[in-house]
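> Structure provided below as structure tokens; questions to follow.
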Amino acid sequence: MELSPLVWLSIGLILAALEILAPGFVVFWFGIGGVLTALFVRIGVLPSAEAQWLFFFISSVTLVGLWFGVLKKRFRPDEPAGSRDPTITGLRGRCTRRITPTVPGEVELYENFHGLRIWQAESPETIEEGDEVTVNDAKGIKLIVSQTR
């Protein structure tokens with residue numbers, strides 16, 4: 001039984017909307033596959049039910065593969081452009097609790113950042129209490145610091 005373009009469009013939109021309930025950006029591509037199938041059924045390229053289902057599954061799986069293989073890296077890189085806060089880099093302060101490469105410590109910035117002066121901090125080097133530090137980056141709510149030389 002072949003499905004009408006309206007049915008395929010409905011299937012596509014419902015699947016795309018289900019992405020809200022099942023995040024992972026997989027179901028969405030099956031929704032797009034449904035919309036593409038509706039388009040091709042409408043223009044008469046997919047007359048039989050077998051051709052429609054085959055096209056739906058092939059296009060959906062191809063889109064999922066294309067997303068995870070190529071497009072995701074372009075649109076959602078591991079560290080999104082602009083995710084670093086440039087205003088935090090270079091701030092200075094002093095270490096108030098010893099920092100080692102394996103144990104985070106604490107720093108007090110000389111000036112407030114987002115209304116706070118005291119921050120948890122990590123460093124690839126050991127920094128003793130009282131040493132002056134420079135902020136290099138932030139990882140979540142922890143600052144990545146180095147000893148000011």
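> Running a GNM on the chain with Cα contacts under 10 Å, which residue among 33, 12, 115 ends up with the highest mean-square fluctuation?
Of 33, 12, 115, the Gaussian network model singles out 115 as fluctuating most.
> 5 Å is the cut-off here: which amide hydrogens, built 1.01 Å from N in the peptide plane, fall below it relative to residue 133, excluding neighbours closer than 5 in sequence?
HN-HN under 5 Å from residue 133: 93, 94, 95, 148.
> Which whole-number percent gives the relative contact order of the chain, counting Cα pairs below 8 Å spaced six or more residues apart? The partial results should precede the final answer.
Numbers: 254 pairs, mean separation 23.4, N = 149.
Worked out over the chain, it gives 16 percent.
> Per 10 Å bin from zero, what fraction in whole % of the C-alpha pairs of segment 92-147 is there, up to the bin with the longest pair?
Values per bin, smallest distances first: 30, 62, 8.
> Calculate the spin-label point distance for residue 70 paired with residue 1, positioning each point 7 Å from the Cα along the beta-carbon direction, and give it in nanometres.
3.8
> Of all beta bridges DSSP finds with both residues in the chain, what is the antiparallel percent, to the nearest 5?
On the way: 19 of 21 bridges.
In the chain, DSSP labels about 90 percent of beta bridges as antiparallel.
> Using θ = phi - 60° and the Karplus form 6.51 cos²θ - 1.76 cosθ + 1.60, what ³J(HN,Hα) does each residue of segment 114-127 get, whole Hz, x for Gly and Pro?
Along segment 114-127, the couplings run 6, x, 10, 10, 9, 9, 6, 9, 10, 7, x, 10, 7, 10 Hz.
> What does the convex hull of the Cα atoms come to per residue for segment 5-75, in Å³? Let's see the in-between values first.
Details: hull volume 5.7 nm³, N = 71.
Cα-based convex hull of segment 5-75, divided per residue, equals 80 Å³.
> In a Gaussian network model over the chain where Cα atoms closer than 10 Å are linked, find which of 45, 35, 61 has the largest mean-square fluctuation.
Looking only at 45, 35, 61, the largest GNM fluctuation is found for 45.
> Kirkwood Rh and Cα-based Rg: tell me the resulting Rg over Rh for the chain, rounded to two decimals. Before the final figure, lay out each step's value.
Values: Rg = 26.1 Å, Rh = 19.2 Å.
Result: Rg/Rh = 1.36.
> Please list, ordered by chain and number, the residues whose modelled amide H lies under 5 Å from the amide H of residue 46; skip anything fewer than 5 residues away on the same chain.
Under 5 Å from the amide H of residue 46: 41.
> Mind pulling the angle between the C-alpha long axis of helix 5-18 and the longest principal axis of the chain? Nearest 10 degrees, somewhere in 0 to 90.
It is inclined by approximately 20 degrees.
Throughout, read-outs are computed from the coordinates displayed, never taken from laboratory work. Everything numeric in this text was worked out from a predicted model, so none of it was measured. In this analysis, Cβ positions are derived from the backbone assuming ideal geometry, glycine residues included, and neighbour counts consider all displayed protein chains.
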